[in-house]
Amino acid sequence: MGIAFFLVFTLLSCSKDDGNSPEPSAKLGIPFASTASNITDTSFQANWVLVPEAESYLIDVSTSSSFSMMLTGYEAFVVQGNTVSVIGLSPAINYYYRVRAKRGAEISSNSNAITVITTGVIPEEPEDPTFLKVKANALANPFFVGVAVKSNQLTEGSSYDTVLKNEFSSITAEYEMKMNPISTGSGSYNWVAADKIVKYGNDNGINVHGHALVWHNAVPNWLANFSGTDAEFALEVKKYITDVVTRYAGKVKSWDVVNEAVNDNDGGLRNTIFLQKMGPNYIKDCFQWARDAANAAGDTNLLLFYNDYATSTNINKQNKVYTIVDDLMANNLIDGVGFQMHNTYLSPTKIQMETDINRAVVKGLKIHVSELDIQVNQNNDITYLTEERNLAQKAKYLEIVKIYNALPAANKYALTVWGFKDNESWIPYNTDLNHPGNDWPLLYDKDFKLKSAHTGFLEGLN
Ligand code: XIL
């Protein structure tokens, strides 16, 4: 209806222009403003129907429907014709325009007002620019914010190096301080990568956490195929622990002495080569050798940790871990517990994590959240990081950081993330983990862009 009316009106106007020019004395009409066109994030085209008597038009643009204040440059802006591009606008804002006709000094009343919303989205508030370690250091009860690293990432002056030094106050070797890369044979070692990592930490005032002296998944071939007696096998393990702890005494603040010694099914000891050849006391022996080596090297402050995963959701496993911990405590051999926390956006729950961690807190032990990452695609049901998962992940980061930050000062040590860039995470396509697809478990994306997860981490420190 409206469009038909405009067409007829316009045709009539044209036919008048063609033949009989209106008398100068004819009353100056009021223009009819029509819908805006060509709407973008920063501009639109205002339109109106020509008034035959008019020589020009005056257009007002405002963000208020009462036109209480006009946009700079668009108060009675003079236009010839029936359209003008309004430019220099902001995305996702509601604007209003209206038009008057002008003939000489004579000006008509205002047309109807047209409302138009520019496209795009309102830019979010800039992310909190605070660096993680800066904020953690400023807490009443501060703690280290750690990250897992690989030696080939530690190039001075690289983007990686810059982010690491800005954000993190502790490092853990992701694999290069495990037994298989270091131990090349009985009493022979390759220290190159481990030395580089430790030196990087020491040179830059970054705490170094040692990971891990004994782990069933990092047994070098020569030891896996060891043909000597069980007693000789134990001596090899003792020699390895002694040599590594001695080399890094005073340079490495803490060690995971034994990693993942409990199985997932029945909460028994995992059936590793160490259990098979050394018997159920092997965990205590390893801690004792580590302690002895540190003391002999003059480092009486070395912190010794037992480290494991999935203890918050697997209660049999949790119970067994605390049996091991109690035994180590009875022998004055353990300083803390590492909770790996390779979590998902759904699990574990807050209460599960708190209950688990609290069992170590009440024993007076240090708590290391030692390998934190939060999967969002464990069921391979998304092909990119959706906003919904992104926010769920942010909430989960916030939750665990908050849990950690609420710990008593004496129990705090470090909260370590297992890498900081999604594309460098061990999670995507991991066959051991049975993770079939891609994932985005960390704080930065592949281009060093901060994710909402990072904001969640920061908010957990509030
Ligand atoms: C993983 C590393 O991320 C991988 O790069 C490496 O190939 C295998 O080990 N629990 C641990 C860590 O204690 O050492 C593991 O790290 C992840 C699971």
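The values are calculated or read from the model by the stated rules, or taken from the named source; none is laboratory data. Keep in mind that this is a model prediction, so the values were computed, not measured. Using ideal geometry, Cβ is built from the backbone for each residue, glycine included, and neighbour counts are taken over all protein chains shown. For the accessible areas, the whole protein counts, side chains as well, though only heavy atoms, and no ligand, DNA or RNA atoms are used. Shrake-Rupley method; radii C 1.70, N 1.55, O 1.52, S 1.80 Å.
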To the nearest 10 Å², what's Ile107's accessible area with a 1.4 Å probe? 80
Calculated SAXS-style log₁₀ I(q)/I(0) at q = 0.08, 0.09 Å⁻¹ - the chain, Debye, Cα scatterers: -0.59, -0.66
Taking protein heavy atoms only, a 1.4 Å probe, and rounding to whole percent, the accessible area of region 32-117 owed to carbon and sulfur comes out at 53
Taking the Cα centre of region 165-307 as the origin, how large is its charge dipole in debye, to the nearest 20, when only Lys and Arg (+1) and Asp and Glu (-1) carry charge on their Cβ atoms? 300
Roughly how many whole Å is it from the C-alpha centroid of region 285-315 to that of region 187-256? 13
Taking a probe of 1.4 angstrom, what is the accessible area of Met69 in Å², to the nearest 10? 150
So what's the back-of-envelope 222 nm ellipticity for the chain, counting only DSSP H runs of four-plus at -39500 (n - 2.57) apiece and dividing by all residues, rounded to 500? -9500 deg cm²/dmol
With every protein chain kept in the model, how would you rank Leu442, Leu235 by accessible area, 1.4 Å probe, largest at the top? Leu235, Leu442
Estimated vicinal HN-Hα couplings, Hz - region 423-440 in sequence order (Karplus 6.51, -1.76, 1.60; Gly, Pro = x): 6, 10, 6, 6, 6, x, 6, 7, 6, 4, 7, 6, 9, x, x, 6, 7, 9
On average, how much area does the Cα convex hull of region 32-117 cover when viewed from any direction, in nm²? 5.0
Computed over the chain: longest principal axis from alpha-carbon atoms vs helix 192-203 long axis, angle to nearest 10 degrees, is 70
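Please state, to two decimals, what the Cα-based radius of gyration of region 91-214 comes to when divided by 2.2 N^0.38 Å (N = residues).
On the way: Rg = 29.7 Å, N = 124, 2.2 N^0.38 = 13.7 Å.
Dividing the Cα radius of gyration by 2.2 N^0.38 Å gives 2.16.
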Using θ = phi - 60° and the Karplus relation 6.51 cos²θ - 1.76 cosθ + 1.60, list the HN-Hα couplings for region 142-149 in order, rounded to whole Hz, with x at every Gly or Pro. x, 8, 6, 9, x, 8, 7, 10
Debye, to nearest 20: dipole size of the chain, +1 on Lys, Arg Cβ, -1 on Asp, Glu Cβ: 720
Placed amide H near Asn207: partners under 5 Å, 5+ positions off or other chain: Ser170, Ile171
Could you give the length gained on full extension between Lys165 and Thr119, defined as 0.36 nm per residue of separation minus the Cα-Cα distance, in nm? 12.6 nm
Helix 282-296 versus the longest principal axis of the chain: what is the Cα-based angle in degrees, 0 to 90, to the nearest 10? 90
How far apart, in nm, are two points set 7 Å out from the Cα along the Cα-to-Cβ line at Gln80 and at Asn316? 8.9
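Rounded to the nearest angstrom and ordered from largest down, what semi-axes does the equivalent ellipsoid of region 252-330 get from its C-alpha gyration tensor (root of 5λ)?
The three semi-axes for region 252-330 are 24, 14, 10 Å.
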Spin-label pair Asp41/Asn332, simplified geometry with 7 Å Cα→Cβ offset, distance in nm: 6.6
Can I get the semi-axes of region 322-452's equivalent ellipsoid? Compute them from the C-alpha gyration tensor as square roots of 5 times the eigenvalues, in angstrom, largest first. 30, 15, 13
Using the Kirkwood radius over Cα pairs of region 390-462, the Stokes-Einstein translational diffusion coefficient at 20 °C and 1.002 mPa s, in µm²/s and rounded to a whole number, is 163
If I model a spin label at Ala410 and Ile30 as a point 7 Å from the Cα along the Cα→Cβ vector, what separation in nanometres do I get? 8.1
Percent RCO, i.e. relative contact order, over region 294-403, from Cα pairs under 8 Å lying at least 6 residues apart: 27
Just subtract the alpha-carbon distance of Ile273 and Asn358 from 0.36 nm times their residue separation and send over the number in nm, one decimal. 27.5 nm
Defining a contact as two alpha carbons under 8 Å apart and six or more residues distant in sequence, what relative contact order in percent does the chain show? 11
Relative to the longest principal axis of the chain, what angle (0 to 90°, nearest 10) does the C-alpha long axis of helix 387-405 take? 50
Please report Rg (one decimal) and Dmax (integer) in Å for the Cα set of region 144-241. 15.6, 50
Can you tell me the order of 287-294, 78-85 when each peptide is scored by its average per-residue count of other Cβ atoms within 10 angstrom, highest first? 287-294, 78-85
Of all beta bridges DSSP finds with both residues in the chain, what is the antiparallel percent, to the nearest 5? 45
Give the value in nm², to one decimal: projected area of the alpha carbon convex hull of region 225-291, averaged over all directions. 5.1
